[in-house]
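Down below is the structure, laid out as structure tokens.
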Amino acid sequence: MTNARRQSSFLVGLIGSAIQASLTPAMHEREADENGLRYIYRLIDIEKLGLGVNALPELLTAVERTGFAGVNVTHPFKQAVIPLLHDLSDAARALGAVNTVVLSNGRRIGHNTDWWGFAESFRRGMPDAKRERVVQLGAGGAGAAVGHAALTLGVAQLMIVDTDRARAEHIAASLAQRFGEGRAAAPRDLATTLSEADGLINATPVGMAKYPGLPLPAELLRRELWVADIIYFPLETELLRHARMLGCRTLDGGGMAVFQAAEAFRLFTGVTPDAERMRRHFAAMTHG
């Protein structure tokens, strides 16, 4: 491939906790095969390795020294990784969260492909959804990216709720600074706020196989809401199952997973992948 980084073999990975069920390695490796690249995608799971979150500097040094082209970074490291990098893309700097680190010539460059992944998934899955007022649950690394995507998509007012209120206020203030005063806020009363909203986005880990359950009381959901979740394992979270039972329009985390992976693949290899082909492969893996 003439547009690859003068190489045809790549070693990459994912650093995170409780990631054994991740479909990302299979997505990347299959797309690499389709492009005639030799590509190995490793899972570096601190839970399986019996390591704490303080192992991140050591892990980054290890992948750098062993010739990795880059790594994806997931929960709980999307913000913790930033001080360990040499430079950030504009999106990663604005969001204060990184999910892709490119390792090249002794330098570590942080990118964020999560926001684009969510935006692309929403554009394709809910192009005509009403977006006057939207409630977002979660103000962590993924929440920062999803909030950026929501306002880019034209949400007039994004209300961010997090168990850590200070974190929600910080992200809301940062978004309002970038997108305009009043575009984002951190309300105190979830019930009242959600009763006046068009849609709900779950950007918390609640609903993942590792963290089962609902990220909010089920009685706050109502038929008129559209509901989007960024979790893709399982693809149908408890939140989406409840929402569908009520008759809500829903969007699962599959699209975001595919489109962020496609962009990360391009950053690692210099080769533009076929995102629709990756989506078909993802669907085949998740639906058997």
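The values are calculated or read from the model by the stated rules, or taken from the named source; none is laboratory data. Nothing here was measured: the structure is a model prediction, and the numbers come from that model. No Cβ is skipped: glycine too gets one built from the backbone with ideal geometry, and neighbour counts run over all protein chains shown. These area figures cover heavy atoms from the full protein model, side chains too; ligands, DNA and RNA do not enter into them. Shrake-Rupley method; radii C 1.70, N 1.55, O 1.52, S 1.80 Å.
Among the trypsin sites (Lys or Arg not before Pro) found in region 1-105, those both in a DSSP coil and sparsely packed, with 15 or fewer other Cβ atoms within 10 Å of their Cβ, are R5, R6. Rounded, prolate or oblate for region 140-266? Axes are the square roots of the Cα gyration tensor eigenvalues, ordered a ≥ b ≥ c, and the cut-off for rounded is a/c under 1.5. Oblate shape, in that a/c is at least 1.5 and b/c is the bigger or equal ratio. Amide hydrogen proximity for G70: with H placed 1.01 Å from N in the peptide plane, the residues at 5 or more positions away or on another chain lying under 5 Å are G13, L103. Spread over its residues, the convex hull of the C-alpha atoms of region 32-154 is 141 Å³ per residue.
Averaging 1/r over every pair of different alpha carbons in region 34-83 and inverting the result gives a Kirkwood radius of 12.3 Å.
Consider a paramagnetic label point 7 Å from the Cα of D33 along Cα→Cβ; state which residues of region 244-288 have an amide N under 14 Å from it. Only 278, 281-282, 284-285 pass the distance filter. Between rounded, prolate and oblate, where does the chain land on the alpha carbon gyration tensor, with a ≥ b ≥ c its root eigenvalues, rounded for a/c under 1.5, else prolate if a/b exceeds b/c? Note, shape of the chain comes out prolate.
Couplings 3J(HN,Hα) of region 236-249, computed from phi: 9, 7, 4, 4, 5, 5, 4, 4, 5, 4, 7, x, 6, 6 Hz, in residue order, whole Hz [Karplus 6.51 cos²θ - 1.76 cosθ + 1.60, θ = phi - 60°; x for Gly and Pro].
Within the accessible surface of the chain, defined with a 1.4 Å probe on protein heavy atoms only, the carbon and sulfur portion equals 50 percent. Surface analysis of region 16-90 yields an accessible area of 50 Å² per residue, using protein heavy atoms and a 1.4 Å probe. Among beta bridges identified by DSSP and lying wholly in region 13-135, the antiparallel ones come to about 45 percent. Using only side-chain charges placed at the Cβ, +1 for Lys and Arg and -1 for Asp and Glu, the dipole size of region 178-288 relative to its Cα centre rounds to 220 debye.
For region 81-214, the antiparallel share of DSSP beta bridges with both residues in that region comes to about 30%.
Dipole size of region 111-182 about its Cα centre, with +1 on Lys/Arg Cβ and -1 on Asp/Glu Cβ: approximately 140 debye, rounded to the nearest 20. Remark: region 95-202 carries 38 Å² of accessible area per residue (probe radius 1.4 Å; ligands, DNA and RNA excluded). Residues of region 261-283 with an amide N closer than 18 Å to a point placed 7 Å from the Cα of I40 along the Cα-to-Cβ direction: 269. Sequence-ordered 3J(HN,Hα) estimates for region 218-226 from the Karplus curve with 6.51, -1.76 and 1.60 and θ = phi - 60° stand at 4, 5, 7, 6, 8, 3, 6, 6, 8 Hz, glycine and proline given as x. By the helix-only formula, in which each DSSP H run with n ≥ 4 contributes -39500 (n - 2.57) and the sum is divided by residues, the chain has a 222 nm mean residue ellipticity of -12000 deg cm²/dmol.
DSSP bridge analysis restricted to the chain gives an antiparallel fraction near 20%, rounded to the nearest 5. Per-residue extension of 0.36 nm, minus the Cα-Cα distance of D274 and H287, leaves a gain of 2.7 nm for this segment. For region 263-272, putting each phi into the Karplus relation 6.51 cos²θ - 1.76 cosθ + 1.60 with θ = phi - 60° gives couplings of 5, 5, 4, 4, 5, 5, 10, x, 9, 7 Hz, in residue order, rounded to whole numbers and with x for Gly and Pro. Applying 0.36 nm per residue to the separation of T152 and R266 and subtracting their alpha-carbon distance, the gain on full extension is 38.8 nm.
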